[in-house]
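A.B. asks: I am attaching a structure below and will ask some questions about it afterwards.
The values are calculated or read from the model by the stated rules, or taken from the named source; none is laboratory data. Predicted, not measured: the structure shown is a model, and the values here were computed from it. Note: ideal-geometry Cβ built from the backbone for every residue, glycine included; neighbour counts use all protein chains shown.
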Amino acid sequence: MVSVAFAKDQKNFVSASQNGTIRVRPINQESPCRGHLYAVTSVAVVGNCVVTGSLDKTVLVWDIRNSTQPVYKIEEKKIIN
């Protein structure tokens, strides 16, 4: 586990792992969420959303209420001048 963030409601927390997964962990349950190809290095919880960043150069947004797949993906694009 490389990063942890807590939800404001204190009913959930999110952990990020080096294997590219995050887990939304309610007090009585946990659910692995796969979406990143490489290590997840950052995680933040904002309302019902979890935002994760990874060494795969993506940022994923997850819905805590249904977190099995990301709801939005931002990819770093290489810009050539």
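A.B. asks: Quick one: count up the residues across the range 12-28 that are modelled with pLDDT under 80 and not in a strand (DSSP E or B).
C.D. replies: Qualifying residue count for the region: 2.
A.B. asks: To continue, here is another question. What residue, among those in the range 29-81 that are within 15 Å of Asn19 (Cβ to Cβ) and among the aliphatic types (A, V, I, L, M), is modelled with the highest pLDDT?
C.D. replies: Checking each candidate, the answer is Leu60.
A.B. asks: To continue, here is another question. Pairs, please: C-beta under 6 Å, at least 6 apart or cross-chain, first residue outside any loop (DSSP other than H, G, I, E, B) and in the range 55-70, second aliphatic (A, V, I, L, M)?
C.D. replies: Short answer, once both residue conditions are applied: Val59/Ile74; Val61/Val51; Val61/Val71; Trp62/Val50; Asp63/Val71.
A.B. asks: Looking at (1) within 14 Å of Lys73 (Cα to Cα); (2) surrounded by 13 or more Cβ atoms within 10 Å (Cβ to Cβ), find the lone condition where Thr21 falls short.
C.D. replies: With (1) within 14 Å of Lys73 (Cα to Cα); (2) surrounded by 13 or more Cβ atoms within 10 Å (Cβ to Cβ) applied to Thr21, the lone miss is (1).
A.B. asks: Please work out if Val51 is aliphatic (A, V, I, L, M), surrounded by 12 or more Cβ atoms within 10 Å (Cβ to Cβ) and free of Cβ contacts under 8 Å to residues at least 24 places away in the same chain.
C.D. replies: So Val51 passes the test.
A.B. asks: Next question, about the same structure. Would you mention how many residues in the range 1-18 are touching a Gly at 6+ places or on another chain (Cβ under 9 Å) and either of a type in the set (A, V, I, L, M) or on the phi > 0 side of the Ramachandran plot (or both)?
C.D. replies: 2
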